[in-house]
Amino acid sequence: MADRDALPLPLEVRARLAELELELSEGDITQKGYEKKRSKLLGAYLPHPPGLEASMAHERRPPMAPSASRYHRRRSSGTRDERYRSDVHTEAVQAALAKHKERKMAVPMPSKRRSLVVQTSMDAYTPPDTSSGSEEEGGQGEGTPTSSQGSVSMEHWISRAIHQGSTTSSSSSSTQSGGSGAAGRLADVLAQTHVGKSGNKNHSAPPDVTTYTSEHPVQVERPQVSTVPRTTPKYGNAKLMETGDGVPVSSRVSAKIQQLVNTLKQPRRPPLREFFVDDFEELLEVQQPDPNQPRPEGAQMVAIRGEPLGVVTNWPPSLEAALQRWGTISPKAPCLTTMDTNGKPLYVLTYGKLWSRSIKVAYNILHKLGTKQEPMVRPGDRVALVFPNNDPAAFMVAFYGCLLAEVVPVPIEVPLTRKDAGSQQIGFLLGSCGVTVALTSDACHKGLPKGPTGEIPQFKGWPKLLWFVTESKHLSKPPRDWFPHIKDANNDTAYIEYKTCKDGSVLGVTVTRIALLTHCQALTQSCGYTEAEIIVNVLDFKKDVGLWHGILTSVMNMMHVISIPYSLMKVNPLSWIQKVCQYKAKVACVKSRDMHWALVAHRDQRDINLSSLRMLVVADGSNPWSISSCDAFLNVFQSKGLRPEVICPCASSAEALTVAIRRPTDDSNQPPGRGVLSMQGLSYGVIRVDSEERLSVLTVQDVGTVMPGALMCVVKPEGVPQLCRTDEIGELCVCSIATGMSYYGLSGMTKNTFEVFPTSSSGAPISEYPFTRTGLLGFIGPGGLVFVSGKMDGLMVVSGRRHNADDIVATALAVEPMKFVYRGRIAVFSVTVLHDERIVVVAEQRPDSTEEDSFQWMSRVLQAIDSIHNVGVFCLALVPANTLPKTPLGGIHLSETKQLFLEGSLHPCNVLMCPHTCVTNLPKPRQKQPEIGPASVMVGNLVSGKRIAQASGRDLGQIEDNDQFLFLSEVLQWRAQTTPDHVLFTLLSSKGAVLSSLTCLQLHKRAEKIAAMLMERGHLQDGDHVALVYPPGIDLIAAFYGCLYAGCVPITVRPPHPQNIATTLPTVKMIVEVSRSACVMTSQVISKLLKSKEASAAVDVRAWPPVLDTDDLPKKKPPQLYKPSNPDTLAYLDFSVSTTGMLAGVKMSHTATSAFCRSIKLQCELYPSREVAICLDPYCGLGFVLWCLCSVYSGHQSILIPPSELEVNPALWLLAVSQFRVRDTFCSYSVMELCTKGLGLQTESLKSRGLDLSRVRTCVVVAEERPRIALTQSFSKLFKDLGLHPRAVSTSFGCRVNLAICLQGTSGPDPTTVYVDMRALRHDRVRLVERGSPHSLPLMESGKILPGVRIIIANPETKGPLGDSHLGEIWVHCAHNGSGYFTVYGDEALQSDHFNSRLSFGDTQTVWARTGYLGFLRRTELTDASGERHDALYVVGALDEAMELRGMRYHPIDIETSVIRTHKSIMECAVFPWTNLLVVVVELEGSEQEALDLVPLVTNAVLEEHYLIVGVVVVVDIGVIPINSRGEKQRMHLRDGFLADQLDPIYVAYNM
């Protein structure tokens, strides 16, 4: 690479090469012929291995020494988009990229599911209509018949490899990226120069690079769909996994993340200092002005006056008068010639015909619409002109007809469909102008969409219109005595020109008759128009330069216009040049794209002669990128008679009409003005002329001088219109008669734009006359030359610096070699995220470009924009060809594109987000302050001035008859004797029928038989552990009491799922092993399942302890029932998997079990006469206690509803509650969600079935998490119509160390809700705010504290007590705390910490259990049953789950809630941290095409609401996020699945 410039090529060789390249691009020679000729040419100059010679030379060309003939190089680049390509710029971009190579940027490539990749195949698209130039955006050089689609061949691959040293760094890490195979190893091609053959088909395969050794195994084409039998994912089976940093990092995903982390370690922009306070102590950094930034130093500018507008004696007094003059004196003179799509003259409109037809139109508008008494249109009314781009004659007749009738024409585009991009806004404009009539041509009228009855439908947002066809044959002849009234030009409105703003809204600029006339005079004077000149017009004749020159000024001077429609340009881009030659035209009006297309196609014509041209008006000459088109055009056509002084760029705007135009001179010695400006200076609004050596420069050309009779100045773009200094960029303002008057119907905006009084630095206005803002940014250079550097609409202010959208487009386009994105189909706009504008680039990708190609291109665009503009791109998206919304002339509709991006319906096929590099104003990471230590003053119950946060439930009270028993087994025996036939349990089927029920005696009898079986068949000793593997039901209850009767310790275990043995059975096995169960008791069905073939595939079935099935019990009862000697011995073990994936068994003693039941009995007022409906899983926690224990203790009847039955019949639970007239019911969040989603639309039919919930007093959700307010509220709202009282729904709170701490119960105040500031929570502080304030988070009290429970809030680190309303860990002291973990490992430290903690100061005697949950206590104004003030407990979230990011504590649920709100297709979301990156996993409901829409939305939402940058966004199918039986997300399992690459994601985006 070092000898790049070692052998400079002679000029003639370069010229020949350039021609060759052009021939190839136009398909004149084959790829093979091209390579042959080329290697022949270059053979002498390249001492290189034969395989590489062609490509090296090919790539050596762009960075040639600047002194080398630019002229030839420009010619050679005919296929590139000249409009956007300036040589300086391309070189700059290449040099910038070369610099980046040394820095080695490794960008992890996103992984994508195959089905998504396939969709971007060749067949999926029609090639886009790319030839589309629009008013603003201009089109591009593809799609014209001659341009080549770039055959991607071997050479292309190598040249890319050479060009992109940046891939060398990424290749090592992307080897493991799977995705689309070998392309990522391009860099190895370089290293080994061993290259497979590859045909030069259009989308040839990448070279086979699998043969080299590289430090990683190269995976080729690993499809993302699992064709290999997957190893069973380690999901749902909660092994005590090594989560955290003990994760094995061999997996692909983690390699990518590692790569991302490394990329992020690269140096960022310099740190920023100051802050602004965002209504809170949390500080967002604000950009400090750079002390070295360039500042304007020039003197204050002086307004520049144009030459006086000469009064010529025969100038007509008005435009209608001119038409009358020519129509009567020289009716045969041609006025307009129109062309068909073959370039043949279609029709010649003479001045006589124009005059007579316009009169006819005028008469018919005024007299033939409506009735004589009530005409529809009166003079001064507005009418719409709807004419297609290929019919200027009909438009011209209608326009002048309106002028003669003194009605105001509003020319607009033809609405093609009912939902055209932007057509709705046009409709609003018509509505606000009060338009009721639309004039149109016959052909156009036939082409409009029709309703079933043939009428034209009302377009979306449009007023009701009468369509009126203006063809002569449809009109009635005016009477002899009728004649239009021709006045001198006055201040009435002549016409309204529409203008589309940055945000997509459409404004109407009114132009008065005097302004219209004066403008025509000024153009005539500055362009030197004379009678009967011929002018070729390629521009849109309905507005702007095309209208002013081709319709208005031409008639004033009796000129002949040759109109070239856009459709002809698409077929034959040279048509305008051919017409100039054919008609010997003196003037042509074109855009840069027309010059560019002519360049691409010019070799087809040998006999072109442009010597007749005296003026070539370049309508978008003010666009900074038109200069290269002008230069290149001149280079090529100078030999065909084009003189340099003929090219006349002009600057115009809808508001100020023509702002400036370069005059055609006869003096070819005076060179046009050039400015080479420093891009850095421009971004600060300062002009710094730069030598062309620097990389980041912008070359601009002058657009001539100020218009005759006008005064121009430059004012600051923001704030007061104060004059700029001479070396400052500002907005050009013009004071002249020939400007627009107002925005129709918008007086406020009119005042700000058309009535501006610029002031000098002293504050005095510089003129008594108002100026008009032009919307153009620029400056006035030496000699009064006007330079335009951009548009106000394209301005993006990113952290205080100004960037122009056009400049960024140009940089993106200069990133070569570029075969994968359509030129001119690039949109650049900014979106506001976190108090600053962020740049978004959207481009259309060619269907034949590979994933890897596009991704490479994207990462290089980022680097180029970063180097040249010193600004980061927030998001770069590629969309499939032809999918961006178009303007009527085929350009990109910017505001519509931005709208689609923001609402997530752009459907990109590739996205690269770079929040890490762009977002520099995040709050500083938090530094933790040392807490108040034990030395702080504790007076009584105050901690640093606040009441200590502690609370307790009521006392357990005096003992009733069944409370004398210490053991549940005794309570059951007592009930079997005293109330043998009382029903304790009723089990329902999915139909709602009673499946089975148990009375006290039946339960006692069955338990005795089971105890006998355990002793006889199981040979168990007392104290042995028994695993009970039963489905939810009555057998489980009997088995539990059987164990108690036999003195064994039962462990309830959820049975394996028959459809999913592979993942559920290992969990069962693990619990059986960890709990050291001596035998397994189960039903016959499950016993068979445990020994089945499927089971043996999942676990080693021989290692099971003895399995007893309880379906055939021995007839006899045991010799005697076991009575435990000590109430502190173990009653049962409660095993469950926590949300973090840890399996833990908690020991519950007999004392704790009885105390627990007693506490619930008091809280819920349970007595034998009560019925309670329970729809919970009976395997652990409060669910188990309610299902198996409470009825036996309190004697009430439990109606048992297995939650799994609700999947079959969602209404089962509520119907049972209604049918059994239950007052108290318990359920889980999953059940509530099932009902809310499944029964949402059925409330009416349920009502008719007699469902009545009005008797429900308490409906408690059993949970171990922060209450899900949204769910409980929607449930309450939904079933309110069925009689459910909103105050009935509440939640409970329990955890591992204490299975129930809070439970709403029957008496006591309703649960309260408070709103806390989410930002304060991150700092472990509680700050109460009003409902609806920004960043507020609603928290609901978790139910009342149970009797016998004491709570305190402690600091989890220092273990000191905290004050009221402070966030800390909830500690609990009560009789039913668990007595420790049952572990295999004997991890005593953990045990003593969780179950036996003491405060570090204050009450250091009491022993507390730590719940592991953060929350706070708050004393409310309410009183509880005992008359005391009520203390409410609010649970915020688990410490284990909380994520420490940037020194702050985040609860996953908060981020997930924000993410779910961003897009309708996100069904569920889970987040987890990995290293220091935040990973967001979203489940997508909808087509996979929407997957990539979610990436920017998710990133933006998390940034805005949480000040966090998302590192990885993973889009997966519904149901991938694992959820446990309590409905809690298993985020750690998800993390392990992600890192082990088991999620089969639809898309994974790595944010840079």
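The values are calculated or read from the model by the stated rules, or taken from the named source; none is laboratory data. This structure is a prediction, so every number in the text was calculated from the model and none was measured. Counting neighbours? That spans all protein chains shown, and the Cβs are built from the backbone with ideal geometry, glycine included. We work out accessible area using only protein heavy atoms, side chains counted, and drop any ligands, DNA or RNA first. Shrake-Rupley method; radii C 1.70, N 1.55, O 1.52, S 1.80 Å.
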For Glu1369, only one of the following conditions fails: (1) crowded, with 19+ Cβ neighbours inside 10 Å; (2) at pLDDT below 90. What is its number?
(2)
Could you list, in sequence order, the residues of region 709-729 that are among the charged types (D, E, K, R) and open to solvent by 40 Å² or more (accessible area, probe 1.4 Å)?
Lys716, Glu718, Arg725
With respect to Lys460, determine if the residue is touching a helix residue (DSSP H, G or I) at 6+ places or on another chain (Cβ under 7 Å), open to solvent by 40 Å² or more (accessible area, probe 1.4 Å) and basic (Lys, Arg).
yes
Examine region 1148-1167 for a residue that is assigned to a loop (DSSP other than H, G, I, E, B) and either open to solvent by 10 Å² or more (accessible area, probe 1.4 Å) or within 16 Å of Thr986 (Cα to Cα) (or both), and state whether such a residue exists.
yes
With Leu1121, Leu1090, Leu1113 as the choices, which residue is in contact with a strand residue (DSSP E or B) (Cβ under 7 Å, 6 or more places away or on another chain) and touching a residue at least 24 places away in the same chain (Cβ under 8 Å)?
Leu1090
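Tell me the residue from Arg825, Arg801, Arg773 that is open to solvent by 10 Å² or more (accessible area, probe 1.4 Å), of a type outside the set (A, V, I, L, M, F, W, C) and closer than 28 Å to Asp544 by Cα, please.
Details: Arg825 fails: open to solvent by 10 Å² or more (accessible area, probe 1.4 Å); Arg801 fails: closer than 28 Å to Asp544 by Cα.
Exactly one residue qualifies, and that residue is Arg773.
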Of the residues in region 1206-1232, those that are assigned to a helix (DSSP H, G or I) and either out of contact with any Lys or Arg (no Cβ under 9 Å at 6 or more places or on another chain) or of a type in the set (A, V, I, L, M, F, W, C) (or both) come to Leu1206, Glu1207, Leu1212, Trp1213, Leu1214, Leu1215, Ala1216, Val1217, Gln1219, Val1231, Met1232
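Any idea which of Pro1050, Pro1118, Pro1105 is in a loop (DSSP other than H, G, I, E, B) and buried (at least 19 other Cβ atoms within 10 Å of the Cβ)? Lay out the reasoning, then the answer.
Numbers: Pro1050 fails: in a loop (DSSP other than H, G, I, E, B); Pro1105 fails: buried (at least 19 other Cβ atoms within 10 Å of the Cβ).
Pro1118 is the lone residue from the list that is in a loop (DSSP other than H, G, I, E, B) and buried (at least 19 other Cβ atoms within 10 Å of the Cβ).
Table: residues versus (1) aliphatic (A, V, I, L, M); (2) open to solvent by less than 60 Å² (accessible area, probe 1.4 Å); (3) within 21 Å of Val408 (Cβ to Cβ).
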position: Gly451; (1), (2), (3): no, yes, no
position: Gly454; (1), (2), (3): no, yes, no
position: Val469; (1), (2), (3): yes, yes, yes
position: Lys473; (1), (2), (3): no, no, no
position: Ser476; (1), (2), (3): no, yes, no
position: Ala489; (1), (2), (3): yes, yes, yes
position: Ala494; (1), (2), (3): yes, yes, yes
Quick check on this structure: which one of Gly1378, Gly1360, Gly1415 is within 30 Å of Pro1473 (Cα to Cα) and more than 44 Å from the chain's Cα centre (by Cα)?
Gly1360
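Restricting to region 1121-1141, and then to whatever is of a type in the set (Gly, Ala, Ser) and surrounded by 18 or more Cβ atoms within 10 Å (Cβ to Cβ), can you tell me which residue is farthest from the chain's Cα centre (by Cα)?
Ala1131
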Condition met for Gln977 (at pLDDT 75 or above, open to solvent by 50 Å² or more (accessible area, probe 1.4 Å) and over 52 Å from the mean Cα position of the chain (by Cα))
yes
Within region 528-645, which strands (runs of 3 or more DSSP E) (wholly inside it) include 3 or more residues that are in contact with a Cys (Cβ under 7 Å, 6 or more places away or on another chain), at pLDDT 90 or above and of a type in the set (A, V, I, L, M, F, W, C)?
615-618
Are there strands (runs of 3 or more DSSP E) fully within region 1263-1340 with at least 2 residues that are more than 27 Å from Ile1160 (Cα to Cα)? List them.
1313-1317, 1336-1340
Would you pick out the residues in region 1012-1032 that are hydrophobic (A, V, I, L, M, F, W, C), over 14 Å from Tyr1132 (Cα atoms) and modelled with pLDDT of 90 or more?
Val1029
Determine whether Met796 is out of contact with any Asp or Glu (no Cβ under 7 Å at 6 or more places or on another chain), modelled with pLDDT of 85 or more and open to solvent by less than 10 Å² (accessible area, probe 1.4 Å).
no
Looking at region 781-802, can you tell me whether even one residue there is in contact with a Leu (Cβ under 8 Å, 6 or more places away or on another chain) and part of a loop (DSSP other than H, G, I, E, B)?
yes
Of all residues in region 980-1009, which are open to solvent by less than 30 Å² (accessible area, probe 1.4 Å), assigned to a strand (DSSP E or B) and out of contact with any His (no Cβ under 7 Å at 6 or more places or on another chain)?
Leu984, Phe985, Thr986, Leu987, Leu988, Leu998
Taking region 1273-1312 and keeping only residues that are more than 19 Å from Leu1346 (Cβ to Cβ), touching a residue at least 40 places away in the same chain (Cβ under 8 Å) and out of contact with any Leu (no Cβ under 7 Å at 6 or more places or on another chain), one is left with Phe1275, Leu1278
Residues of region 1233-1262 satisfying the condition of being in a helix (DSSP H, G or I), in contact (Cβ under 8 Å) with a residue 40 or more places away in the chain and open to solvent by 40 Å² or more (accessible area, probe 1.4 Å)
Glu1233
Any hit, region 1544-1551, residues being more than 22 Å from the chain's Cα centre (by Cα), at pLDDT 90 or above, open to solvent by less than 10 Å² (accessible area, probe 1.4 Å) and small (Gly, Ala, Ser):
no
I need every pair where a residue in region 545-562 that is at positive phi has its Cβ under 9 Å from the Cβ of a residue that is assigned to a helix (DSSP H, G or I) and open to solvent by less than 10 Å² (accessible area, probe 1.4 Å), sequence separation at least 6 or different chains.
Met558/Ala322; Met558/Tyr351
When you go through (1) touching a residue at least 40 places away in the same chain (Cβ under 8 Å); (2) farther than 30 Å from Leu1182 by Cβ one by one for Ser1096, which number turns out not to apply?
(1)
Which numbered condition trips up Thr453, out of (1) polar (S, T, N, Q); (2) over 15 Å from Leu385 (Cα atoms); (3) out of contact with any helix residue (DSSP H, G or I) (no Cβ under 8 Å at 6 or more places or on another chain); (4) in contact (Cβ under 8 Å) with a residue 24 or more places away in the chain?
(4)
Just to verify a result, which residue in region 597-655, among those that are of a type in the set (Phe, Trp, Tyr) and within 44 Å of the chain's Cα centre (by Cα), is surrounded by the fewest Cβ atoms within 10 Å (Cβ to Cβ)?
Trp625
Among the residues listed as Leu1534, Leu1497, the single one being of a type in the set (A, V, I, L, M), over 30 Å from Val1261 (Cβ atoms) and at pLDDT 90 or above
Leu1497
Consider region 430-449. How many of its residues are under 19 Å from Ala362 (Cβ atoms) and open to solvent by 30 Å² or more (accessible area, probe 1.4 Å)?
1
